[in-house]
Structures are given as structure tokens and as C-alpha cells.
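Asker: Input: one structure, supplied below.
Read the figures in this text as sums done on the coordinates, not as results from a lab. Predicted, not measured: the structure shown is a model, and the values here were computed from it. Backbone-built Cβ (ideal geometry, glycine too); neighbour counts: all protein chains shown.
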Amino acid sequence: MEMDNLLLLTTREELRSWLQANGSKEKCCWITVSMTPAPDKLLYLDVVEEALCFGWIDGVKKSTEHGVVQRLSPRSKRSSWTELNKERVRRLDKLGLLSDEGRRVLPDMGPESFVIDEVIEQALKEDPEVYANFLAFPPLYSRIRIDNIQGYKKQPELFRSRLDKFIANTRDNRMYGAWHDNGRLLEH
């Protein structure tokens, strides 16, 4: 994959300005990112949030002489939305950061838009302790974890391994994984 449009930006504000000026006409860009705060690199989570604000989505990551670069591109109308990205957009909208371009590509954001797959629900209900623990978890955690399982229904082995991991952790009353963006999604 060719790396067209590598942007050597160092602040979230620079990325936002670029997306405001170019988001409706460019096909993609590449941004140097870091998973943890690092000098002269944008935090991955900040890049994802700014992309969502303008109707863009993160894609492929590559290692280069500049470090890890993340490809961003406009979201297609047919692209699927994770519950995590839906929650990010809810937060960004409340903060007044979501642009009209970002709003145009939103999926159904209503509370009824998320439905737990019957197979998953049945597996949770098989053990009363697991189900009680599940019901006590924060709804955001449950939605994000379940979405991360049921998105793989057409890949039976991955679906089963993720479901088994979720049930084992739920049995131990343990939440796992990056489900609240280091607290950002708990603050709105």
C-alpha cells in the first residue's frame, strides 16, 4: 500500500485544522502516532477522535522511518460502526467537536440500535453467577465487550474464543480491555 499524503503533524489542533480544510476533498492521509504520549507524535486516541469528528476512520498502521503511521480516510456509508466508536462520537458531540461532515455519516445512535446476539445472551444466562455479574457491569463496558464478540459471528473460532474469554472474566467479576479510553468515556 502506497503512503500518499504523509502529514508530519505534531498536535491535535494541526490535525483538526487539516481535516477542516481538506476533509471533504482528500481521499486519505497518514499521521505519525503513538499509543502513549510521546514528543512530536500525536496520541493515537486523539487521532481517532479527530477523524470521527469529520466523518473519517482510522485504517491500516505501518512502521516507517518516521515511526508508526496511521492511515485515515473518509468513512464510507456502508462501513460498520463499533460500539466504542459510537460512544466516542456521543462524547465528541457533547463537547461540541463533531462537525456536520461527521454527523452525516453517523449510524443509528438510538438506544435500541444495539441488540445482544441470542447466542451470547444464552451463554451468559447459563450460569446465574456469570449473568448476575454481567448485569452489574457498567452498560458501556458490556456493550463494548459484547460488540467485540458478536462482530465476529461469521468467524466461529474467533467468536467462540472471545465469548469464552468474556464469560471467564465475567465469572471472576473482572472487567478487562480498553473500553473507556483511559477514562475519557466515563466523563460525559
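Asker: Can you give the relative contact order of region 65-182 as a percent, counting alpha carbon pairs under 8 Å and 6+ residues apart?
Answerer: Normalised by residue count, the contact order of region 65-182 is 26 percent.
Asker: Shifting gears a bit: Give the residue list of trypsin sites (Lys or Arg not before Pro) in region 9-53 that are DSSP loop and have at most 12 other beta-carbon atoms within 10 angstrom.
Answerer: Loop-located and lightly packed - K25, K27.
Asker: May I pose another question? Shape call for region 1-110 from the C-alpha gyration tensor, a ≥ b ≥ c root eigenvalues: rounded (a/c under 1.5), prolate (a/b greater than b/c) or oblate?
Answerer: prolate
Asker: Antiparallel versus total DSSP beta bridges in region 6-104: what percent is that, nearest 5?
Answerer: Given both bridge residues lie in region 6-104, the antiparallel proportion sits at roughly 75 percent.
Asker: For D164 and D127 in the same chain, what is the full-extension length gain: residue separation times 0.36 nm, less their Cα-Cα distance, in nm?
Answerer: Additional length available on full extension: 12.0 nm.
Asker: With Cβ to Cβ distances under 11 Å as the rule, what net charge do the other residues near A132 carry (K, R +1; D, E -1)?
Answerer: 0
Asker: I've got another one for you. Report, in deg cm²/dmol and to the nearest 500, the calculated mean residue ellipticity at 222 nm for the chain, where each DSSP H run with n ≥ 4 adds -39500 (n - 2.57) and the sum is divided by the residue count.
Answerer: Counting only the DSSP helices, I get -13000 deg cm²/dmol.
Asker: Only bridges with both residues in the chain count here: give the DSSP antiparallel percent, nearest 5.
Answerer: Antiparallel: roughly 75 percent of the beta bridges in the chain.
Asker: In the neighborhood of L43, defined by Cβ-to-Cβ distances under 10 Å, what is the net charge if each Lys or Arg adds +1 and each Asp or Glu adds -1?
Answerer: For residues surrounding L43, the net value is 0.
Asker: Just grab the label-to-label distance for K153 and L95, each label 7 Å out from Cα along the Cβ direction, in nm (one decimal).
Answerer: If labels sit at K153 and L95, their model points lie 3.3 nm apart.
Asker: Turning to a different aspect of this structure: How many nm is it between the label spots at R104 and N173, if each spot is 7 Å from the Cα in line with the beta carbon?
Answerer: 5.0 nm
Asker: I'd like the distance between the alpha-carbon centres of region 1-73 and region 106-172, rounded to an integer number of Å.
Answerer: 31 Å
Asker: What does the net charge come to around K27 if you take all other residues with beta carbon closer than 14 Å to its beta carbon, with K and R at +1 and D and E at -1?
Answerer: Here the charged neighbours net out to 0.
Asker: Another question, then. Mind checking which lysines have their C-alpha under 18 Å from K125, skipping anything on the same chain fewer than 8 residues away?
Answerer: K125 reaches K165.
Asker: Looking at the chain, what % of the alpha carbon pairs are farther apart than 28 Å?
Answerer: 34 percent
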